[in-house]
1. So, in nm, how far is label LEU43 from label SER22 when the simple model puts each one 7 Å beyond its Cα toward the Cβ?
2. Note the full-extension length gain between SER133 and ARG69 as 0.36 nm times their separation in residues minus their Cα-Cα distance, in nm to one decimal.
3. Report Rg(Cα)/(2.2 N^0.38 Å) for the stretch 39-114, keeping two decimals.
4. Give the long-range amide H neighbours of CYS92: residues separated by 5 or more places, or on another chain, with amide H under 5 Å away, using H modelled in the peptide plane at 1.01 Å from N.
5. Determine the dipole magnitude for the stretch 11-133: charges of +1 sit on the beta-carbon of Lys and Arg, -1 on that of Asp and Glu, nothing else is charged, the reference point is the Cα centre, and the result goes in debye to the nearest 20.
6. Using only Cα atoms, what is the ratio of the radius of gyration of the chain to 2.2 N^0.38 Å?
7. Which residue, ALA128, THR111, ASN81, has the largest displacement toward the positive end of the dipole of the stretch 11-133 when charges sit on each Cβ (Lys, Arg +1; Asp, Glu -1)?
8. Under 17 Å between C-alpha atoms is the cut-off here; go through the stretch 11-133 and count lysine pairs that meet it, provided they're at least eight residues apart or on different chains.
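Each value in this text was obtained by applying a stated rule to the coordinates, not by laboratory testing. Computed from a predicted model, the values in this text were never measured in an experiment. Every residue, glycine among them, receives a Cβ derived from its backbone with ideal geometry; neighbour counts consider all protein chains shown.
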Amino acid sequence: MATIPFWQEKSLDEMTDKEWESLCDGCGRCCLYKYIDSETKTLQSTNVACKLLNIKTCQCSHYDKRLERMKGGCIKLTRENITTLDWLPPTCAYRLLAQGKPLPSWHPLITGSKAAMHAERISVRHIAVPASSLNKKVKFVVPKAQPAE
């Protein structure tokens, strides 16, 4: 008898903290700086990574202390705010599950690793530049991640 994956049998509210954290695919898109376009008044994502993001691994170098270290520049995703964060990429597992949609086939919970996500170029590994390497943040708009299947 096959076991039903927790993300298919539980709501976001019913998940344990460990299950909740495992939903993150580690793409790093939420860790790119964003700005409001002065002409269109829309939120745009840049290719400039947060100073705490390890671009090679697409993981936060100080995840447990990120909120303190970024002093308001990092938002903790919670069960309470997940439906209000419309800047999350369309491929974000939190966003997809909150909308009643399935996880994409490349998601690490399905494949067992992040390799498929990187191969599909969902992660920022191939586009991000470190904030520390710039004199000023260049407003370079990056392509949006493709919607989940």
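1. 2.8
2. Working: separation 64, 0.36 × 64 = 23.04 nm, distance 1.89 nm.
So the extension gain works out to 21.2 nm.
3. Values: Rg = 14.3 Å, N = 76, 2.2 N^0.38 = 11.4 Å.
Normalised Cα radius of gyration, the stretch 39-114: 1.25.
4. none
5. Values: 17 positive and 13 negative charges, 97 e Å.
With only Lys, Arg, Asp and Glu charged at Cβ, the dipole is about 460 debye.
6. Numbers: Rg = 15.7 Å, N = 149, 2.2 N^0.38 = 14.7 Å.
Relative to the 2.2 N^0.38 Å estimate, the chain comes out at 1.07.
7. The residue sitting most towards the positive pole is ALA128.
8. 9
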